[in-house]
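Worksheet for the structure shown next.
Nothing in this text is a laboratory measurement; each read-out follows from the coordinates by a stated rule. Predicted model only: the values in this text are computed from it and were never measured. Cβ atoms come from the backbone with ideal geometry, glycine included; neighbour counts cover every protein chain shown.
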Amino acid sequence: MSGAPSVRDLFLGFLGLGLTSFGGALPLARRAIVEQRRWLTAAEFTDLLGLCQFLPGGNVINLSVALGMRFHGWRGALAGLLGLIAGPSLIVIGLGVLYERTQNDPHVRHLFVGLAAAAAGMLIAMAAKIILPLRRDPAAAAIALVGFIAIALLRLPLLPTMLVLTPIGIAVAIRAARRSGETQ
């Protein structure tokens, strides 16, 4: 991991992310935060993302606030959040006006079909990168798999699923930490 980003770095980093990642910010966020800027390791990103997914709101918005808070308290949280939403908010307002005028055009409809396919591909790629750190921890991988099956396949509600799996995940993490402490 490289040094802590400044408040300005957080703002500009999330501004760039927000301007380039409509509908698919998580894969780009991971690449920017872990691979390019090296603000977090892959494991730290996965842990922080897990917390952000449990909190209400958008995952990347929560991530911008949590990452900013980690490095610079409320100033960093505000910089990350504003950086992430300022540019896209202005663009969405402009696109809304444009769409209002062109919504019945068949070319516009085809454009949205293509965008949906691209977003699905990015989501699959990001899921693969998130899962890779779990390959060394079979218990955590099993909990993630159970969560996926419960929510994506069985269509069980997110909140009850998380209320069951979160304490199990915490217990498994505590047990693994104790084992690793015993072996050292």
(request) Compute the acute angle (0 to 90°) between the alpha-carbon long axis of helix 106-131 and the principal axis of greatest extent of the alpha-carbon atoms of the chain; round to the nearest 10°. (result) 10 degrees
(message) Can you tell me which of Leu12, Leu55, Leu26 moves the most in a GNM of the chain? Springs connect C-alpha atoms under 10 Å apart.
(response) Leu55
(message) Suppose we look only past 14 Å in the calculated P(r) of segment 137-184. What percent of the Cα-Cα pairs does that tail hold?
(response) 55 percent
(message) Based on DSSP loop calls and a cut-off of at most 16 other Cβ atoms within 10 Å, the longest stretch of the chain free of exposed trypsin sites (Lys or Arg not before Pro) is what?
(response) 39-154
(request) Quick one: among Ile124, Ile85, Ile174, which has the greatest mean-square fluctuation in a GNM of the chain with alpha-carbon springs under 10 angstrom? (result) Ile174
(message) Which chymotrypsin sites (Phe, Trp or Tyr not before Pro) in segment 68-115 sit in a loop by DSSP (not H, G, I, E or B) and have at most 13 other Cβ atoms within 10 Å of their own Cβ?
(response) none
(message) For a quick check, take a GNM of the chain with Cα springs below 10 Å and name the residue from Ala25, Ala77, Ala150 with the largest mean-square fluctuation.
(response) Ala150
(request) Rounded to the nearest 10 degrees, what's the angle between the helix 7-20 long axis and the longest principal axis of the chain, both from Cα atoms, 0 to 90? (result) 60 degrees
(request) Return the whole-Å distance between the Cα centroid of segment 34-94 and the Cα centroid of segment 106-184. (result) 18 Å
(request) With runs of 4+ DSSP H residues as the only contributors, calculate the mean residue ellipticity of the chain at 222 nm using -39,500 (n - 2.57) per run, divided by the residue total and rounded to the nearest 500. (result) -26000 deg cm²/dmol
(message) Taking the 0 to 90 degree range and rounding to the nearest ten, how far is the long axis of helix 42-54 tilted relative to the main principal axis of the chain, both from C-alpha atoms?
(response) 70 degrees
(message) Would you report the distance distribution of C-alpha pairs in the chain as whole percents per 10 angstrom bin, up to the bin with the largest distance?
(response) 8, 29, 32, 23, 6, 1, 0
